[in-house]
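Quick notes on the structure that follows.
The values are calculated or read from the model by the stated rules, or taken from the named source; none is laboratory data. This one's a predicted model, so the numbers in the text were calculated from it and none came from an experiment. As a convention, Cβ positions derive from the backbone with ideal geometry for all residues, glycine included, and neighbour counts pool all protein chains shown.
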Amino acid sequence: MSFAWAKPYQPKSELGRWFDDRLPLPRLVYGAVGGGYPVPRNLNYAWNFGVLSGIFLTIQIVTGIVLAMHYYASADGAFNSVEHIMRDVNAGWMLRYAHANGASFFFIVVYIHIFRGLFYGSYKAPRELIWMLGLVIYLLMMATAFMGYVLPWGQMSYWGAQVITGFFSAIPLVGEPIRVWLLGGFVPDQAALTRFFSLHYLMPFVIAGVVILHIWSLHIPGSGNPTGVDVRNEQDTLPFHPFYTAKDGWFVGLFLMLYCAVLFFAPNALGHPDNYIPANPLATPAHIVPEWYFLPFYAILKAFTLDFILPAKLWGVLAMFGSILLLFFLPWLDRSPVRSGHYRPVFKRFYLLLIVDVLILGWAGGATPTAAVVAISQLASAYYFAHFLIILPLISKFERPMPLPSSISASVLHGEKQESAPYGLTKTAPVAAE
């Protein structure tokens, strides 16, 4: 995004000018996250989670690199190498728990970030590609998290790999060859562990590359805002630094305190106790479940119990992947010209129902699959798809939105007069002063 009123970068020293002429890296950073990047002045705390996701990606990469120095990717030694990290490596227990809980917090932050985008219409033009790149990041996160969950080689790791890769065998003709190719054999063993470890190490760097594209694409149309109204003039914006760096900074500190509280006082609260038992191919756990952030999709998978034209297992696999892929089509499913849910009263009610529905799916995915739980999963899965494929298009067609504010600054200043000031700031005076 380029605005004529954005303050240009000016090196303050001779060395800075010399460096900027030859490698304009400071200029690039200044334009991306500094005073040269104008941001809508009405962003609320829901916009802090993009920065937080970058923080947790960094935590995962740093802790993962150190853990990889001590991990032994062997079916015979993987479990013991994790125990060695926990017991013998200096601060190894903290690194291991920081990495394991960091994955959970990464997903918490990203889920909030996604649902913020759903409410404020962040997928609408001209930000469709930003939304799609975000979904690509999410899919890469899911693949990375699954492969990382296998590495401790405990009971849930082993049987999770067995079940998840078994989904591919439901695909006609090519399913079983794909499964064997993924595992390097017919069952999870040494070849699978080696492959998953190498890919798990590589994928965070791929995610970081897509994050750069995500941020780059964001800077072309600029950030959205809670009103959904486009930036029109200088009074609608503030420089990212120091205003939003300060706002993001204290919020990051607050969230990291919560992360540290879990890390130091409840490090196993989000894990599964069966994963502290070494993998045993001859002893199946009573109830195989994935990590909590996969539970809604696991419930959708289990919701299909009857064969109809295709096997029930294949329907479950198609629905599980389809539940994510349909999000790529949101810009065309929701045709309302109004972006923000604040001005869409009918949409807001169904949005809250969607949140409840996803929470129910998460509960059903982790519960023992009794007849009642399966029935609830089926109803919740049906509503999930109906929300995006039926309800949302109908709402966008028949809903009468509330009046939008005339501008971003008008929604913030509430009747105060605006006077131009340099550097994206505004001076205000009461309208009555006229």
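I'd like to verify a number: residues in segment 318-346 that are surrounded by fewer than 21 Cβ atoms within 10 Å (Cβ to Cβ), among the hydrophobic types (A, V, I, L, M, F, W, C) and within 22 Å of Ile376 (Cβ to Cβ), how many?
Total meeting the criteria: 5.
The conditions are (1) among the β-branched types (Val, Ile, Thr); (2) surrounded by 15 or more Cβ atoms within 10 Å (Cβ to Cβ); (3) under 30 Å from Glu128 (Cβ atoms), and Val262 fails exactly one of them. Which is it?
If we test Val262 against (1) among the β-branched types (Val, Ile, Thr); (2) surrounded by 15 or more Cβ atoms within 10 Å (Cβ to Cβ); (3) under 30 Å from Glu128 (Cβ atoms), just (3) comes out false.
Quick check on my filter: what residues within segment 36-62 are among the small types (Gly, Ala, Ser) and in a helix (DSSP H, G or I)? Don't jump to the end; show me each part of the working.
Of all residues in segment 36-62, those among the small types (Gly, Ala, Ser) come to 36, 46, 50, 53-54.
Ala46, Gly50, Ser53, Gly54 - these are the residues of segment 36-62 that are among the small types (Gly, Ala, Ser) and in a helix (DSSP H, G or I).
Can you tell me which residues in segment 309-354 are outside any helix (DSSP H, G or I) and more than 17 Å from Ala125 (Cβ to Cβ)? Steps first, answer last, please.
So in segment 309-354, the residues outside any helix (DSSP H, G or I) come out as 309-311, 334-340, 344.
Residues satisfying the conditions are Ile309, Leu310, Pro311.
Checking the conditions here, which among Val109, Val51, Val33 is out of contact with any Lys or Arg (no Cβ under 9 Å at 6 or more places or on another chain) and outside the structural domain of Leu213 (by TED's automatic domain parsing)?
Working: Val109 fails: outside the structural domain of Leu213 (by TED's automatic domain parsing); Val51 fails: outside the structural domain of Leu213 (by TED's automatic domain parsing).
Checking each option against the conditions leaves just Val33.
Counting only residues that are out of contact with any Asp or Glu (no Cβ under 9 Å at 6 or more places or on another chain) and either closer than 21 Å to Ser409 by Cα or not hydrophobic (A, V, I, L, M, F, W, C) (or both), which one in segment 32-45 is surrounded by the most Cβ atoms within 10 Å (Cβ to Cβ)? Lay out the reasoning, then the answer.
Within segment 32-45, the first condition is being out of contact with any Asp or Glu (no Cβ under 9 Å at 6 or more places or on another chain), and the residues that meet it are 32-37, 39, 43-45.
When the remaining residues are screened for being either closer than 21 Å to Ser409 by Cα or not hydrophobic (A, V, I, L, M, F, W, C) (or both), the result is 34-37, 39, 43-45.
Numbers: Gly34: 18, Gly35: 20, Gly36: 21, Tyr37: 24, Val39: 22, Leu43: 20, Asn44: 11, Tyr45: 10.
Once the filter is applied, the top-ranked residue is Tyr37.
Could you check segment 192-226 and list, in sequence order, the residues that are free of Cβ contacts under 8 Å to residues at least 40 places away in the same chain and surrounded by 15 or more Cβ atoms within 10 Å (Cβ to Cβ)?
Within segment 192-226, just Arg195 meets the criteria.
Output the residue which, of all residues in segment 209-264 that are among the hydroxyl-bearing types (Ser, Thr, Tyr) and part of a loop (DSSP other than H, G, I, E, B), is nearest to Arg127 (Cα to Cα).
Taking segment 209-264 and keeping what is among the hydroxyl-bearing types (Ser, Thr, Tyr), we get 217, 223, 227, 237, 244-245, 259.
Filter again for part of a loop (DSSP other than H, G, I, E, B), leaving 223, 227.
Working: Ser223: 9, Thr227: 15 Å.
If we take residues in segment 209-264 being among the hydroxyl-bearing types (Ser, Thr, Tyr) and part of a loop (DSSP other than H, G, I, E, B), then Ser223 is nearest to Arg127 (Cα to Cα).
Does Val180 satisfy being assigned to a helix (DSSP H, G or I), touching a Phe, Trp or Tyr at 6+ places or on another chain (Cβ under 7 Å) and surrounded by fewer than 17 Cβ atoms within 10 Å (Cβ to Cβ)?
Numbers: assigned to a helix (DSSP H, G or I): yes; touching a Phe, Trp or Tyr at 6+ places or on another chain (Cβ under 7 Å): yes; surrounded by fewer than 17 Cβ atoms within 10 Å (Cβ to Cβ): yes.
Taking the combined requirement at face value, the residue satisfies it.
Across segment 329-343, what is the number of residues that are more than 18 Å from Ser406 (Cα to Cα), of a type in the set (D, E, K, R) and within 23 Å of the chain's Cα centre (by Cα)?
1
Could you list, in sequence order, all residues of segment 247-267 that are closer than 17 Å to Gly54 by Cα and among the β-branched types (Val, Ile, Thr)?
The answer is Val252, and nothing else.
Kindly indicate the residue of segment 46-62 that is among the small types (Gly, Ala, Ser) and buried (at least 19 other Cβ atoms within 10 Å of the Cβ) and also farthest from Gly154 (Cα to Cα) among those meeting that condition. Steps first, answer last, please.
To start, the set of residues in segment 46-62 that are among the small types (Gly, Ala, Ser) comprises 46, 50, 53-54.
From what is left, the residues that are buried (at least 19 other Cβ atoms within 10 Å of the Cβ) are 50, 53.
Numbers: Gly50: 33, Ser53: 28 Å.
Here the answer is Gly50.
Rundown of residues vs (1) buried (at least 22 other Cβ atoms within 10 Å of the Cβ); (2) touching a residue at least 24 places away in the same chain (Cβ under 8 Å), yes/no style:
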| site | (1), (2) |
| --- | --- |
| Leu140 | no, yes |
| Val150 | yes, yes |
| Gly154 | yes, yes |
| Leu173 | no, no |
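Filter segment 63-113 down to residues that are of a type in the set (Val, Ile, Thr) and either loosely packed, with under 15 Cβ neighbours inside 10 Å or in a loop (DSSP other than H, G, I, E, B) (or both), then give me how many there are.
First, the residues of segment 63-113 that are of a type in the set (Val, Ile, Thr): 63, 65-66, 82, 85, 89, 108-110, 112.
Cutting the leftovers down to either loosely packed, with under 15 Cβ neighbours inside 10 Å or in a loop (DSSP other than H, G, I, E, B) (or both) gives us 65, 89.
Result for segment 63-113: 2.
So is Ala279 modelled with pLDDT under 95, outside the structural domain of Trp93 (by TED's automatic domain parsing) and surrounded by fewer than 17 Cβ atoms within 10 Å (Cβ to Cβ) or not?
Considered against the rule, which asks whether it is modelled with pLDDT under 95, outside the structural domain of Trp93 (by TED's automatic domain parsing) and surrounded by fewer than 17 Cβ atoms within 10 Å (Cβ to Cβ), Ala279 comes out as no.
Of all residues in segment 199-212, how many are out of contact with any helix residue (DSSP H, G or I) (no Cβ under 9 Å at 6 or more places or on another chain) and either on the phi > 0 side of the Ramachandran plot or among the small types (Gly, Ala, Ser) (or both)?
1
Quick test of your reading of the structure: Lys302 fulfils all but one of (1) among the charged types (D, E, K, R); (2) within 26 Å of Ile395 (Cβ to Cβ); (3) not assigned by TED's automatic domain parsing to the domain that holds Glu128. Name the failing condition by number.
Result: Lys302 fails condition (2) only.
The conditions are (1) in contact with a helix residue (DSSP H, G or I) (Cβ under 7 Å, 6 or more places away or on another chain); (2) without any contact (Cβ under 8 Å) to a residue 24 or more places away in the chain, and Asp88 fails exactly one of them. Which is it?
Evaluating Asp88 over (1) in contact with a helix residue (DSSP H, G or I) (Cβ under 7 Å, 6 or more places away or on another chain); (2) without any contact (Cβ under 8 Å) to a residue 24 or more places away in the chain leaves (1) as the failure.
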